[in-house]
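So the structure is just underneath, and the comments pick up after that.
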Amino acid sequence: MIVDLGSGTGSTLRAFAPLLGGAAAWRLVDSDPALLAQAALSAGPDVTMHPLDLRTLYDLPLSGANLVTASALLDLCSGDWLTRLAARLKEQSVAFYAALNYDGVMTWSQPDRDDAAVTAAFNRHQRSDKGFGPALGPDSARVAAAAFAEAGFRVTEADSPWILGPEEAPLQSQLIDGIASAAAGAGEANARAWAARRRDLVRDGQCYIGHRDLLALPPGY
């Protein structure tokens with residue numbers, strides 16, 4: 001049994017499906033019922049939906065679970081939440097796999113004068129409260145590794161960067177707009193102009209957005 005936290009429409013399930021061949025049962029957990037309803041449209045009989053507030057960790061449906069997963073979630077969470085999650089999963093002796101934890105690194109094959117300022121502003125925005133308390137943002141992988149190691153888990157980490165080239169130009173453009181919007185929200189006055197220049201380069205350049213994946217195995221696992 002796999003429990004996916006912040007599942008949204010089920011992207012983690014879809015990523016795992018070719019590897020597991022439909023052999024696993026899933027519980028998708030999200031605070032947004034609309035996203036779960038969308039996930040349910042394509043879910044098989046071994047997938048159940050659980051609309052829950054992720055802040056209430058003792059409500060998580062962990063009975064019989066072997067693995068808890070999360071994708072692009074930890075950088076939205078606080079250090080306190082991660083410490084409590086590690087303790088909760090240790091109680092249940094459940095392994096944890098977290099993918100796509102943003103690490104603060106953002107580079108471009110064709111540099112722009114405002115790259116550093118926009119990255120710094122984006123990282124400030126990442127650390128704002130997303131509902132769990134002050135978010136860890138770029139520190140999420142490091143703090144998660146420390147929290148689970150402190151709880152007695154055996155922790156393994158690996159880089160999992162987004163590397164987008166000209167063949168992903170539309171996705172690069174969407175990413176640039178999202179970065180610029182967050183950076184502008186954090187007070188970077190040149191974010192919109194930076195985005196316009198960056199969009200002009202997507203068919204010739206490549207971007208690297210750093211992420212880390214983490215696997216934590218409980219004591220005795």
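The values are calculated or read from the model by the stated rules, or taken from the named source; none is laboratory data. The structure presented is a predicted model; accordingly, all values stated were derived computationally and were not measured. Using ideal geometry, Cβ is built from the backbone for each residue, glycine included, and neighbour counts are taken over all protein chains shown. Note: accessible area is taken over every heavy atom of the protein model, side chains too, but ligands, DNA and RNA are not part of it. Shrake-Rupley method; radii C 1.70, N 1.55, O 1.52, S 1.80 Å.
Using the Kirkwood formula over every pair of different C-alpha atoms, what hydrodynamic radius in Å results for the chain?
Numbers: mean 1/r = 0.0542 Å⁻¹.
Hydrodynamic radius (Kirkwood, Cα pairs) of the chain is 18.5 Å.
Could you work out how much longer the chain between Thr56 and Thr156 gets when fully extended? Use 0.36 nm per residue separation minus the Cα distance between them, nm to one decimal.
33.4 nm
Given a Förster distance of 25 angstrom, what is the FRET efficiency for Asp129 paired with Tyr208, based on the Cβ-Cβ distance and rounded to 0.05?
Result of the calculation: an efficiency of 0.35.
Net charge within 13 Å of Ala180 by Cβ-Cβ distance, Lys/Arg positive one each and Asp/Glu negative one each, not counting Ala180 itself?
My count for the surroundings of Ala180 gives -1.
Across segment 76-82, in residue order, what do the Karplus-derived ³J(HN,Hα) couplings come to in whole Hz, using 6.51 cos²θ - 1.76 cosθ + 1.60 with θ = phi - 60° and x for Gly and Pro?
Once rounded to whole Hz, the list reads 8, 9, 9, x, 4, 4, 5.
Evaluate the Debye formula for segment 1-100 with equal point scatterers sitting on the alpha carbons, no solvent, and hand back log10 of I(q)/I(0) at q = 0.12, 0.14, 0.15, 0.24 Å⁻¹, in q order, two decimals.
The Debye formula, applied to the Cα set alone, gives -0.34, -0.47, -0.55, -1.45.
I'd like the Karplus ³J(HN,Hα) series for segment 94-102: coefficients 6.51, -1.76, 1.60, θ = phi - 60°, whole numbers in Hz, and an x wherever there's a Gly or Pro.
10, 6, 9, 10, 10, 9, 6, 8, 4
Compute the signed sum of charges (Lys and Arg +1, Asp and Glu -1) over the other residues within less than 11 Å, Cβ to Cβ, of Leu13.
Summing Lys and Arg as +1 and Asp and Glu as -1 gives 0.
Using amide H atoms built 1.01 Å from N in the peptide plane, name the residues 5+ places from Arg27, or on other chains, whose amide H lies under 5 Å from its own.
Counting only residues 5 or more places away or on other chains, the set is Ile2, Val3, Asp4, Thr48.
Express the relative contact order of the chain as a whole percentage, based on alpha carbon pairs under 8 Å and six or more residues apart in sequence.
23 percent
Can you quote the Å³ per residue value for the convex hull of the Cα atoms in segment 131-215, rounded to an integer?
109 Å³
Can you give me the long-range amide H partners of His211? Hydrogens built in the peptide plane at 1.01 Å from N, cutoff under 5 Å, separation of 5 or more residues or another chain.
Asp103, Ser160, Trp162
Could you please put Trp26, Trp162 in sequence from largest to smallest accessible area, using a 1.4 Å probe?
Trp162, Trp26
First compute the accessible area of the chain with a 1.4 Å probe, then give the percent of it belonging to carbon and sulfur atoms. Don't jump to the answer; show the numbers that get you there.
Working: 5640 of 10350 Å².
Here carbon and sulfur together make up 55 percent of the probe-accessible area.
For Ala86, what charge total do you get from the other residues with a beta carbon under 13 Å from its beta carbon, if Lys and Arg give +1 and Asp and Glu give -1?
+1
Quick one: what are the phi-derived ³J(HN,Hα) couplings along segment 178-189, Karplus 6.51/-1.76/1.60 with θ = phi - 60°, whole Hz, x for glycine and proline?
Per-residue couplings from phi come out as x, 4, 5, 4, 5, 5, 4, x, 8, x, 7, 5 Hz.
Report His125's accessible area, 1.4 Å probe, all protein chains in place, as a number in Å² to the nearest 10.
Ignoring ligands and nucleic acids, His125 comes out at about 60 Å².
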